[in-house]
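I have placed the structure first, in the form of structure tokens, so that the comments after it can refer back to it.
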Amino acid sequence: MNYQAIIDHIVNWLKTYSDNSKTQGFVVGISGGIDSAVTSTLCALTGKRVIVVSMPIRQHISEFNRGNEHMDWLIQKFPNVERATTDLTPVFESLEKNLPSDLQDFLTMANTRSRLRMIALYAYATHHKLLVAGTGNKVEDFGVGFYTKYGDGGVDLSPIADLFKTEVYALAKTLGVVPCILQAAPTDGLFADGRTDEDQIGASYPELEWAMTYLENKDTYPLNDRQQEVMRIYQSRHTANLHKMNPIPVCLIPPALKNN
């Protein structure tokens, strides 16, 4: 695979989309992970204005430090990149105080963090006439639905959503992304204990990519015990998260009722 050609294609696509939409550039939330690092670098390569935003909410220190190191690298490399930090912890804690305690389970509050970050990104985007660039990859966005509806799924465009996670890593190496991000285990940054994506899902990204490809290719070769378990995980999450991946259902009113 020609990763430099893919980089050039995405950068041109981003620039063209921004030009056509009459926007000034992009805003990208920085998590300290590989997807946001690659997305922000691709946006920076357009030469258009880019604001990279760290939005800690009781953030695990290693994630916060990785994000800062990446932003330092971007600022040094690209004069069109600006950085910002918006600490959303007080906002999150205020919401905690006002929500009924029985709503505050781990998953609900993790998704709430993601939605608060979406609100902050759109504040930057609206004020500066920028596009919110999504950071989801193919297996997250179209395979297992591993994102928050109207959180990190609430974006204007998705530059890396046709790439598997392993391909995103390959792009990152080609782009020269800082080693600490290349070496870190993938995590969504929504839990204070720093749990990884594999901890949450029960399968690694290469395993999930295998399952997605197996089904897309309509393969029929026999599966071993681990492959059967990965397939079960993949299909279970895919089915449960179709509400994120499918268009919002619209109740269509029959013309006879409208004209009655």
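Bear in mind these aren't lab numbers, they're just calculated from the coordinates by the rules spelled out. For clarity, every value in this text was computed on a predicted model and none was experimentally measured. Heads up, the Cβs are rebuilt from the backbone with ideal geometry, glycines too, and the neighbour counts pull from every protein chain shown.
Things worth noting here:
- Using a cutoff of 8 angstrom between alpha carbon atoms and counting only pairs six or more residues apart, the relative contact order for the range 130-260 works out to 26 percent.
- Mean separation of Cα pairs under 8 Å and 6 or more residues apart, divided by the residue count, gives the range 96-197 a relative contact order of 24 percent.
- Stokes-Einstein diffusion of the chain at 10 °C, 1.306 mPa s viscosity, Kirkwood radius from Cα pairs, rounded to a whole number: 81 µm²/s.
- By other beta-carbon atoms within 10 Å, ranking TRP13, TRP210 with the fewest at the front produces TRP13, TRP210.
- Whole-number percent relative contact order across the range 1-75, with pairs defined as alpha carbons under 8 Å at least 6 apart: 31
- Reachable lysines, given that their alpha-carbon falls under 24 Å from the alpha-carbon of LYS48 and they are not under 8 places away in the same chain: LYS15, LYS22, LYS77, LYS129, LYS173
- Tensor-based shape of the range 116-260 (alpha-carbon gyration tensor, a/c under 1.5 rounded, otherwise prolate or oblate): oblate
- Kirkwood hydrodynamic radius computed over the range 108-148 comes to 11.5 Å, based on all pairs of distinct alpha carbons.
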